[in-house]
Structures are given as structure tokens and as C-alpha cells.
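Following: one structure in C-alpha cells, then a few remarks.
The values are calculated or read from the model by the stated rules, or taken from the named source; none is laboratory data. Small disclaimer: the values here were computed from a predicted structure and weren't measured. Don't worry about glycine lacking a Cβ; one is built from the backbone with ideal geometry, like all the others, and counts go over all protein chains shown.
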Amino acid sequence: MYSLLHAKFTTNDTAFTSAKIINLKALIFDSEKNGMKKILLLLLSTIILAKPAFAQIDWGKYSQSFPNGAVENPALIGFYTAILEENDSFWPTNNGVMAGLTLKNDTAFLRDRPKDFSTLTTFDTARAQFFLNGVNKNNAAAYEYRVLENLNKTIVPWSAITKFTDATLIKASGLPQMAYLGGYKTTLGNKIIVDVRKKESGKIIATSVVAWQNIIPELADVYTPDELNIFLKRLNGAWRVSKEKTKWQLQHPTDVFGKPLDFTREFTVEPTDNNLVFYLNANIYNRAQIEYQVIKNDATVTPWKTNDFDNCFVWLKNLSPGDYRLQVRYTAQRQHVSTYTFLILTPWYDSNLFRIGMGILAAAALGFVLFFILNVRQREKAKEELSKKTKLQLELKAIYAQLNPHFIFNALSSIQGLINKQDIRGANSYLSDFARLMRESLNNGNKEQTPLKQELETLETYLKLEQLRFGFTYTIDIDEHINVYETEMPSLLLQPLIENAVKHGVSSMREKGAVSVSFMKDGNNLQVSVTDNGIGFVADKNTSGFGLKLTRDRIKLLNELSKEQAITFAIKENTPSGTKIELIFNNWFL
């Protein structure tokens, strides 16, 4: 039936070559029905001529096929199809049935035309070249032709046939002389219709339709790395579709013909599916026919480029997690771009949540280490402080233990003095008060601090005893803002100072001597002063007393134990005479 005189392919793959020939046959004829005797018109498409002259056509770039007898019988017209290297591709819609489907059902179109007219689709803006087999200079006067665009626009009215192939083209094609009807083109979505009729009868004996059809890349399937076996099976037989469902097919419902209902739905894959093959619904044999670009997270990572393979798939490799858009277009119609979205999930160990969690864990671990180190240091420091505090407390107890004998010695000396004076009543009274003082001293011996009320009672008892012996006067003044029950003081801290005021200050002055003790509140500080009107302190002589030395040492130890509540100690001259000792208890009321 068919004689394929010349075909030019760009692949050595037998399977693809066979597939291409099958598509080519579908491209050339609609069908052969009832021993078809009238395939009437030839159409040569996708040839761009520098000039409209048919002699410039490169016959070697064409495939030709025509019914038996088409060369000898002028009533039959051959059909020729051009295949150029630069447009060496076929699309599923590239067949005569699709191009002339509407016209074959158009009764008005078929009323004056043969039922079996030829159709062809083309996809670029090149001209379609029309030749008429069986018509030459000798019989051309019996025929005429016209050219229409979409039935409603006449490009060439009924005209005589005046152009024919020359000797060069006849030799190149190996065919007898043919009539040349010209090269024509239109815009995408439109058709060129060429009719040939006999002048004598006016009956149209041949019609050819060329449709300039839009082609938009259409996705047939997507293959992940673990689906390469399915992909290779399809590649080995492009017309066969595997019954195995790919991940992409499972995520994209199909119609009854197996085509996805929604191409815009995002294809989601695991992080390991980082090599994807996008298989197009077309037969491509030249990589230059496909261009694509890749956009990741709204940034172009692969700008428009020619495909990497002479085939109908785009293979994206070594993809990192992210949101992608693959845009594909055919170079024949770059204005039509198809976009396919897909998402490569981020592995759990590379997700922001994992990073935040690891950051928190790292911070927690670092915090734990720092806490452990600080805790160890703090414990060591606390241990050192405790050891130091224990040592200081022991030293304070040792000093306090020395204060008691000092106090007892002074008290017994006073009692002795009373006895020597034959003051038996005074000695008995003194002994009674002294016994009470000793009992209070023993009760407070294990206490670091005692309430100010109790300390005042002890001081007053002592002053009464000494007043009995020496006859001086004394006063104790308490600031009304001081709560003597809640305010505490170191036990017997003031006792040696009172003793010094009596012994070194007013003991020789008798009734003229005066001792005063005052407690004042100054903000958060407690100010205590012990004043006498005696002869005054001589630095080298009086400041070296045992009681005063113990007091200084005790204050020093107390300040080391509690630096925030340091005690300030000062000895000053009184005006107009005597001595004034001041103690300031800093931050005592916090």
C-alpha cells in the first residue's frame, strides 16, 4: 500500500525508529477505506523557504508516500510529508484524524468534496508546500485549484495550474513532473484548505487540509528512583503503558482514558526521591525540541536550557528538599509553557523543628554542664564558706568564753571592794544581781545574737551594780522607732565598752561621774554610742585593755561572717571631756 521512499531519523534505537515510522504513517494518512483510490492532495509542511520558488526545496529532507498508480494516473494525487531535522518530533495529536475531525463531520464541507480528503497537522509557523501528482504541463489545463483559510477566507481563488517541478527536483525525488500549488501558512489554531477540481465538470476531486495546531507539553507520568524499572520498560516500548501504578499516578486521579484529571496538584515525594523523571506525552527524538527550567522556593535554580536527552522525558537529578516548579516548553511553540509542581520533603534530621529541638537540647546540655560546674564550684565555695564560718564561730566562741572570765573578774573585784568597805548590804545585793547576770550569761552562751531587750536588761543590771560601788549616774536612751523585742544584737558586745567607761572613765569621779548609752535608728542602720565624762582615753594606755581588744577581734570576725551587715567601731573624744565610743550596725534593719 505504502511506499516510504525516504526517511531521515536522528537515533539508532530500533524501538524508537519503529515508533517513529508508525507515527509517520499515522501522520500521512487518515485511513485507507474501501481500497481507497482517491487520496488526492499532497501537503509538505514545516519548510521555510527563503523564496517561494519550489525549486529551492531540499527533496532529501522529505518522506513521500502515495497510493499505487498515483504517478501514472492524473486523477489520483500523491501525498508528501516533510520531516526536518530541526523539527524531528511527533505529538499524539499530530495526525490527520485530529486535524480534520470537525470537517469530517461538517455536512456543508463534505457536500462538494470527496469523503476521503487528506489532513495533516503542523506545529510551527513554517509554510506548507503543496504538490499535485499526476498533473504536469501536458494535462494541467484540465485542472484548477483554490486555497482557503478556515472556509471563510479565500487566499487564492480558483486558478489555473501554472507551476511545475523542474528537472533538478524531478531528479532529486525520482518522480515524474508534478504540479506545484504553492506554499502557504496561517496562525496557530487555524487551517489551510486546498481544493482541486476538473474544469470540465466543476467537481472537486481532491482536498487537503493542514491545521496549525497548538502544542502544550503534557505530562504522562513521573518516575522516582525506585520506579526506574517501570520507566525503562516504557522506554523500551514507548507505546506501552505499564499496569503498575507509579507514585505520581496514585496522587493524581485519572479519567477513563488514563489521563490525570488535575495536573496542577502538587506531587509530594520523600527526601530519598531526589531523582525524578518527567515523561511527556509525545514522541521526541531531538533534544533541541524541549526546553525546561527549574524553580525552587521561588528562585530559579536552572534557567531555560535545552533538554539533556534526545527523548521525550526530562530527568532532574540530585535534588535537595524544597518546593519546586518544573516549567517545560517545546521550541516549536515557546509561548506555551506547562508548569508541574512537586515537593521534596525535608528529612526529619534536617527540618527546622529538629534543628530547634537539637538547639534546645544542646543549650540544655550546655546549661546542664555549666550548672554542674557552677554547682560544684558553689558547693566547694559553700564548703569553704562553711568551714570559714565554722572557724569564725569557733573563734567568736573562744572570745566570748574569754569575755565571761573577764566580766566575772571585774564583778568579783567590785564585790571585794564592797566587802572591804564593810558594805555588807551592798555586797549581798551585788551578789544577787551578779548571780542573775551569770545565769543570763550562761543562757546566752550558745547564742550568737540576743534580743536588744535582753541585752539592755543585762547592761542596766551591770550599771546598777557598778553604781552601787562607785556612785556615778547613768542613762540609757532608746529611739522610739526601734523595736527592742525584734531587734537583735551580738551577745555581750557592749559589755566591755560599758566596763571601760566605768573603770577608766568615771570610777574615780564618784557622784560626779556620768555614763550614757544611746540607741538610734538612722535609715537601715543602728547607731549605738557609749559616752562618759571621765578623764578620757590615752591611746597607748587605755586602748590596749583586754576587754577592748576582745571587742575589736570579735567585731572583725563578725564582719567577716556577714559583710553585708558590717559593724563600724570608733573611739572619739567627748566634748567637753570624756570619751565617746560609736558603733554603727550597717543595714541592720533590712
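Yes/no matrix, rows are residues, columns are (1) of a type in the set (Ser, Thr, Tyr); (2) more than 26 Å from Lys549 (Cβ to Cβ); (3) crowded, with 17+ Cβ neighbours inside 10 Å; (4) at pLDDT 80 or above:
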{"residue": "Ser387", "(1), (2), (3), (4)": "yes, no, no, no"}
{"residue": "Asp423", "(1), (2), (3), (4)": "no, yes, no, no"}
{"residue": "Gly426", "(1), (2), (3), (4)": "no, yes, yes, no"}
{"residue": "Ser429", "(1), (2), (3), (4)": "yes, yes, no, no"}
{"residue": "Met438", "(1), (2), (3), (4)": "no, no, no, no"}
{"residue": "Glu455", "(1), (2), (3), (4)": "no, no, yes, yes"}
{"residue": "Leu463", "(1), (2), (3), (4)": "no, no, yes, yes"}
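Of everything in region 217-240 that's surrounded by 14 or more Cβ atoms within 10 Å (Cβ to Cβ) and either closer than 30 Å to Arg113 by Cα or of a type in the set (A, V, I, L, M, F, W, C) (or both), which residue is modelled with the lowest pLDDT? Selected residue: Ala238.
Note on region 472-491: residues that are out of contact with any Ser or Thr (no Cβ under 7 Å at 6 or more places or on another chain) and crowded, with 22+ Cβ neighbours inside 10 Å total 1.
Looking only at region 174-202, filter to residues that are at positive phi and part of a loop (DSSP other than H, G, I, E, B); which one of those is modelled with the highest pLDDT? So the residue we want is Gly202.
Of all residues in region 308-324, those satisfying the criterion of being in a strand (DSSP E or B), touching a Phe, Trp or Tyr at 6+ places or on another chain (Cβ under 9 Å) and not aliphatic (A, V, I, L, M) are Phe313, Trp315, Asp323, Tyr324.
The set of residues from region 124-150 being of a type outside the set (Phe, Trp, Tyr), touching a helix residue (DSSP H, G or I) at 6+ places or on another chain (Cβ under 9 Å) and over 16 Å from Lys199 (Cβ atoms) comprises Asp124, Ala126, Gln129.
Val538: assigned by TED's automatic domain parsing to the domain that holds Phe434, modelled with pLDDT of 85 or more and not acidic (Asp, Glu), yes or no? Can you show your working first?
Values: assigned by TED's automatic domain parsing to the domain that holds Phe434: yes; modelled with pLDDT of 85 or more: no; not acidic (Asp, Glu): yes.
In short, no.
Specify the residue that is nearest to the chain's Cα centre (by Cα); the eligible residues are those in region 103-123 that are β-branched (Val, Ile, Thr) and within 13 Å of Ile193 (Cα to Cα). Residue satisfying both the conditions and the ranking: Thr121.
Restricting to region 252-271, and then to whatever is at pLDDT 80 or above and touching a Pro at 6+ places or on another chain (Cβ under 9 Å), can you tell me which residue is surrounded by the fewest Cβ atoms within 10 Å (Cβ to Cβ)? Taking the candidates together, the pick is Glu270.
Answer with yes or no whether Ala160 is surrounded by fewer than 12 Cβ atoms within 10 Å (Cβ to Cβ), modelled with pLDDT of 90 or more and not basic (Lys, Arg). So Ala160 fits the description; yes.
From the list Val209, Val147, Val194, the one residue that fits, being surrounded by 14 or more Cβ atoms within 10 Å (Cβ to Cβ), farther than 30 Å from Val314 by Cβ and in contact with a Gly (Cβ under 6 Å, 6 or more places away or on another chain), is Val209. Residue count for region 332-355, restricted to those that are surrounded by 15 or more Cβ atoms within 10 Å (Cβ to Cβ), closer than 17 Å to Tyr279 by Cα and not aromatic (Phe, Trp, Tyr): 3.
Residue count for region 460-519 satisfying the condition of being of a type in the set (D, E, K, R), farther than 19 Å from Ile408 by Cβ and outside any strand (DSSP E or B): 6. Mind listing just one residue for me: the one in region 492-525 that is under 17 Å from Ala570 (Cβ atoms) and aliphatic (A, V, I, L, M) and, of those, surrounded by the fewest Cβ atoms within 10 Å (Cβ to Cβ)? So the residue we want is Met520. Scanning region 175-210 for residues that are of a type in the set (Gly, Ala, Ser), in contact with a strand residue (DSSP E or B) (Cβ under 8 Å, 6 or more places away or on another chain) and either outside the structural domain of Thr125 (by TED's automatic domain parsing) or free of Cβ contacts under 8 Å to residues at least 40 places away in the same chain (or both) yields a single hit, Gly189.
Region 106-155 holds strands (runs of 3 or more DSSP E) entirely within its bounds, and those carrying 1 or more residues that are farther than 28 Å from Ile170 by Cα, among the acidic types (Asp, Glu) and touching a residue at least 12 places away in the same chain (Cβ under 8 Å) map to 143-149.
Does Arg329 qualify as being exposed (fewer than 15 other Cβ atoms within 10 Å of the Cβ), in the same structural domain as Asn275 (by TED's automatic domain parsing) and in contact (Cβ under 8 Å) with a residue 40 or more places away in the chain? No: the conditions fail for Arg329. The single condition among (1) touching a residue at least 60 places away in the same chain (Cβ under 8 Å); (2) assigned to a loop (DSSP other than H, G, I, E, B); (3) within 23 Å of Cys312 (Cα to Cα) that Ala220 does not meet is (2). Among residues of region 545-574 being over 20 Å from Ser508 (Cβ atoms) and part of a loop (DSSP other than H, G, I, E, B), the one that is modelled with the lowest pLDDT is Ser562.
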